[in-house]
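I have placed the structure first, in the form of structure tokens, so that the comments after it can refer back to it.
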Amino acid sequence: MRAPRLERQREVVGWLLRCYPVSFLVLAPYVLMIFPMAVFHRNPDTGFIVLLVGLALAGSFSVESVSLLFGRPDPQWRHGMRQATARYPAIYPVARLVTVTSIVVDLLGAYLGRGSIVAQIYGEVPDGPMVALTKLFSGWAALGFALLVASHLGGRLSRAKLYGWLAALVASQTIVTLLTALTAPLISFVFFTVAAGAVCGVFRLRYLLLGTVVLVLVWPTMFAYRNGIREEQGIAVDSAVTATDRMRLDRQLTAVEGIEVPVDLGQPGLTDHLRYGLIPRILDSDRPALSTGQQINQFLGGGPTSASSFLLLGNIWFFAGPVGVVAVHAFWAGFVALLLRWRARPGPARPG
């Protein structure tokens, strides 16, 4: 009796992940980390967090619900993925090439000073042809993981080897964190892999829970080591801010409450997005480094040698207001829905 009920629950969860992937990605970190922190610490602004998440879900859930009228992702996703990759026998070799390249280039770039805390605070961009070359491969770690997942779902890569490659990617990003004294890129990469892996069914729930516990346990050591590196490089560190304080993501998010939004800090416009997003710096070496985090910190009364963030939802609220929160998530929900249904491509997977 218990087995059929468990199987039905898995089918329901799988259906939700296939039909509402963006809503799942929006809600998951708040359910797993931010809401529990707010409740445990009795954050008086918990209602504001609920408001922000509700606005984001209003944009994504509504668009994803409407998209169901145009068809639903195929529940036989593994069979569809195998068919989709059958014509590309070289997908796994390409995945290995991209992954190895990303590891080597990210480590080399960090060693040369690209993306370091010094470059972020003082706006100093390291010069040299090798630094410029490494910038051309920014983001390849995520691309490599995506290709590895496709190789696994296509039957060309075992789960054990997939986990091995993922461990290598995480290890390289950890070394990059130690070299640059910035933890945000590592956290972003881990979140991407967890989210993508959960939607595609390559991670089991117990592994995700175990990983969350491990991250919480190692964070104080990583935080102290990061601060030590910053102090060695002459960067001021606020000793009053502890590792536990930095884990209070609920408080970081609610810091934006009470600010009249949207706020114009001279953030990049459309032409700037195209310039920074499409033109390699090697062809545009004179452009200044982006410093939105520093601008937010100065807006809050801090100095130019530090950066602040309200997390993704809070930043969207800060710069675009409530309408922006809804519109941004509606756009991405529509974009993902289009990808999942374009020419009957296989949809995202349910949990394995």
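The values are calculated or read from the model by the stated rules, or taken from the named source; none is laboratory data. Computed from a predicted structure; not experimentally measured. Cβ sites come from the backbone with ideal geometry, for glycine too, and all protein chains shown count toward neighbours. Only protein heavy atoms, including side chains, enter the accessible area calculation; ligands, DNA and RNA are left aside. Shrake-Rupley method; radii C 1.70, N 1.55, O 1.52, S 1.80 Å.
In segment 33-58, which residue that is among the small types (Gly, Ala, Ser) and in contact (Cβ under 8 Å) with a residue 24 or more places away in the chain is most open to solvent (accessible area, probe 1.4 Å)?
Per the stated criteria, the residue is 58.
Here is a list of conditions, (1) more than 19 Å from residue 14 (Cα to Cα); (2) open to solvent by 20 Å² or more (accessible area, probe 1.4 Å); (3) modelled with pLDDT of 90 or more, and residue 95 meets all of them except one; can you say which number that is?
Going through (1) more than 19 Å from residue 14 (Cα to Cα); (2) open to solvent by 20 Å² or more (accessible area, probe 1.4 Å); (3) modelled with pLDDT of 90 or more one by one, residue 95 breaks only (2).
For segment 282-314, enumerate the residues that are open to solvent by 40 Å² or more (accessible area, probe 1.4 Å), touching a residue at least 40 places away in the same chain (Cβ under 8 Å) and in a helix (DSSP H, G or I).
Listed by number, the list holds a single entry, 282.
Quick check on my filter: what residues within segment 59-77 are part of a loop (DSSP other than H, G, I, E, B), at pLDDT 65 or above and open to solvent by 80 Å² or more (accessible area, probe 1.4 Å)? Reasoning before the result, please.
Going through segment 59-77, the residues part of a loop (DSSP other than H, G, I, E, B) turn out to be 71-76.
Pick out the ones that are also at pLDDT 65 or above and you get 71-73.
72 - this is the single residue of segment 59-77 that is part of a loop (DSSP other than H, G, I, E, B), at pLDDT 65 or above and open to solvent by 80 Å² or more (accessible area, probe 1.4 Å).
Among helices (runs of 4 or more DSSP H) lying entirely in segment 169-276, which contain 1 or more residues that are open to solvent by less than 70 Å² (accessible area, probe 1.4 Å), touching a residue at least 24 places away in the same chain (Cβ under 8 Å) and over 21 Å from residue 117 (Cα atoms)? Spell out the reasoning first.
Details: elements: 184-199, 205-232, 243-246, 249-254.
Ranges flagged: 184-199, 205-232, 249-254.
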